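The values are calculated or read from the model by the stated rules, or taken from the named source; none is laboratory data. As the structure is a prediction and not an experimental result, all values here were calculated from the model. Cβ placement follows ideal geometry from the backbone for every residue including glycine, while neighbour counts extend to all protein chains displayed.
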Amino acid sequence: VIEQWVVEVEDLEDWIYEVNELALHEKGEELTELLAEALLSMDLSPAERAEWLQVVEAWDQTLPEVEIVRLALEQGWDHPPLVAVLQGRIPAEEGDVSEPNDSLTQIRLRILERQGRLQEYLHLARAAGLFAAHVNMLARMGQVEQTIEMARLHLVDASDFLALAQILADRGCMAAALEVAAHGLSQAGGRRLDLARWTVQQAEAMGDLTLAQSAAETAFLSAMQLEDYKQVRRLAGERWSQVRDRLLEHLQRVTDERVIPIYLYERMLPQAMAVIDRNPYSAYFEQVAKAAHMEHPDWCIQHYQQRAESIMDGKRAKHYESAIEWLRCAREVYLLHQRQIAWANYLNGLLEKHARQYKLVLMLRRLQ
């Protein structure tokens, strides 16, 4: 496969190579890593390793990152620092396995797992500072107490806590899974949304409603989405009023349009309208405007007319139909509040203002 890859890449015209250089580089890296894994999976003699080194040298100009294959062949599995680590003699500074290539360490871990050399897997993962891989393997091996202890000490990212919790749950260790998830929600950095939503489902299924509600709040505060808000409301039960106040207080600190669905759900129209005023081209504008037709007609009319006028004043003929649709929305609000005269006056003003734009005038007259 690699020989054919090299032939084809070398045969490409320069401009094709330049346009696709990044993609070719990424796929070339995949090939070299697969080759390194294949070679390390075999019991090669020193002579065979030397032969492969010569082959790899010939690919150096075309295939990226061949250094990983060189290292795999030069070190094999008998590189003294590696042998020491696999035997459990971890360096004083964890994270130093005298192997300057993280990808090669990941390859070694895949091979060790595939060959069932799990204790060596643990030693290498810990020595390389790959603590997520280390604790995940501990969990698969059923060493639950040690898994939790190591997770508390070393895991940082929410995605790592989630992966570990899922492994424990799959093994039927739900109490441990929830303990890991709860610790992750309280300590982890990064994006906690997926961990929080998973915890809500699992904690509620186990009857831990306190953890479920706390995780639901974390999910909501992470993404400010309506479904998470409803989830908190359902889980809060009789405590909803005080929980609601706390969540809405957080909402006031958010200025972007994510919060609009929650404001609409709570019928907090002035707050939703204020967000639209700050984000006039929000995708939620029509929802807010329709909800505000009865209580806030002037605001609706002003926004509908502004959208239409920006198109008409800019003589953007291709978008006149959109302008007419906005004016129809404005007319609906005028008529809903018995303001026929005001609407007629406004429309007449538009006809007079754009009298020389024949196409637009014909479209405006359809609104009379």
Note to self: With the requirement that a residue be aromatic (Phe, Trp, Tyr) and closer than 15 Å to ARG307 by Cα, what does the range 320-345 give you?
What the structure shows: TYR320, TRP326
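Report yes if LEU264 is assigned to a helix (DSSP H, G or I), free of Cβ contacts under 8 Å to residues at least 40 places away in the same chain and surrounded by 19 or more Cβ atoms within 10 Å (Cβ to Cβ), otherwise no.
It is true that LEU264 is assigned to a helix (DSSP H, G or I), free of Cβ contacts under 8 Å to residues at least 40 places away in the same chain and surrounded by 19 or more Cβ atoms within 10 Å (Cβ to Cβ).
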Next item on the list: Check off (1) modelled with pLDDT of 95 or more; (2) part of a helix (DSSP H, G or I); (3) out of contact with any Cys (no Cβ under 9 Å at 6 or more places or on another chain); (4) aliphatic (A, V, I, L, M) for LEU221 and give me the number that stays unchecked.
Entry: (1)
Next item on the list: Within the range 300-338, work out how many residues are within 25 Å of ALA272 (Cα to Cα) and in a loop (DSSP other than H, G, I, E, B).
Entry: 1
Check: Which residues, taken from the range 174-192, are modelled with pLDDT under 95 and either of a type in the set (Lys, Arg) or farther than 14 Å from ASP160 by Cβ (or both)?
Finding: SER186, ARG191, ARG192
Check: What number goes with the only condition from (1) under 30 Å from GLY129 (Cβ atoms); (2) buried (at least 20 other Cβ atoms within 10 Å of the Cβ) that HIS183 does not pass?
Finding: (2)
Notebook entry, point to check: If you scan the range 37-70, which residues turn out to be within 31 Å of the chain's Cα centre (by Cα) and touching a residue at least 60 places away in the same chain (Cβ under 8 Å)?
Noted result: GLU37
Note to self: Which condition from (1) farther than 18 Å from PRO280 by Cα; (2) touching a Leu at 6+ places or on another chain (Cβ under 9 Å) is the one that ALA323 breaks?
What the structure shows: (1)
Notebook entry, point to check: Does the range 341-356 contain at least one residue that is within 30 Å of ARG244 (Cβ to Cβ), surrounded by 13 or more Cβ atoms within 10 Å (Cβ to Cβ) and either free of Cβ contacts under 8 Å to residues at least 40 places away in the same chain or not charged (D, E, K, R) (or both)?
Noted result: no
Next item on the list: Mind listing just one residue for me: the one in the range 131-143 that is of a type in the set (A, V, I, L, M), over 23 Å from the mean Cα position of the chain (by Cα) and buried (at least 18 other Cβ atoms within 10 Å of the Cβ) and, of those, farthest from GLU120 (Cα to Cα)?
Entry: ALA139
Check: Are any of the residues in the range 180-202 acidic (Asp, Glu) and either in contact with a Pro (Cβ under 9 Å, 6 or more places away or on another chain) or under 30 Å from ASP245 (Cβ atoms) (or both)?
Finding: yes
Margin query: Looking at the range 83-95, I want the residues that are closer than 12 Å to ALA128 by Cβ and modelled with pLDDT of 70 or more and have a partner that is in a helix (DSSP H, G or I) and among the acidic types (Asp, Glu) with Cβ atoms under 7 Å, at least 6 apart or on another chain. Which pairs are those?
Written below: LEU86/GLU120
Checklist line | Flag if ALA50 is loosely packed, with under 13 Cβ neighbours inside 10 Å, over 22 Å from ASP102 (Cα atoms) and of a type in the set (Gly, Ala, Ser) | finding: yes
Notebook entry, point to check: Got a sec? Which of LEU247, LEU209, LEU221, LEU251 is hydrophobic (A, V, I, L, M, F, W, C) and either surrounded by fewer than 17 Cβ atoms within 10 Å (Cβ to Cβ) or touching a residue at least 40 places away in the same chain (Cβ under 8 Å) (or both)?
Noted result: LEU209
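Condition check ((1) among the β-branched types (Val, Ile, Thr); (2) at pLDDT 95 or above; (3) under 38 Å from the mean Cα position of the chain (by Cα)) across all residues:
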site	(1), (2), (3)
TYR284	no, yes, yes
MET294	no, yes, no
PRO297	no, yes, no
TYR304	no, yes, yes
GLY314	no, no, no
ALA317	no, no, no
ALA330	no, yes, no
Check: Got a sec? Which helices (runs of 4 or more DSSP H) wholly within the range 1-116 have at least 3 residues that are among the β-branched types (Val, Ile, Thr) and touching a Phe, Trp or Tyr at 6+ places or on another chain (Cβ under 9 Å)?
Finding: 2-11
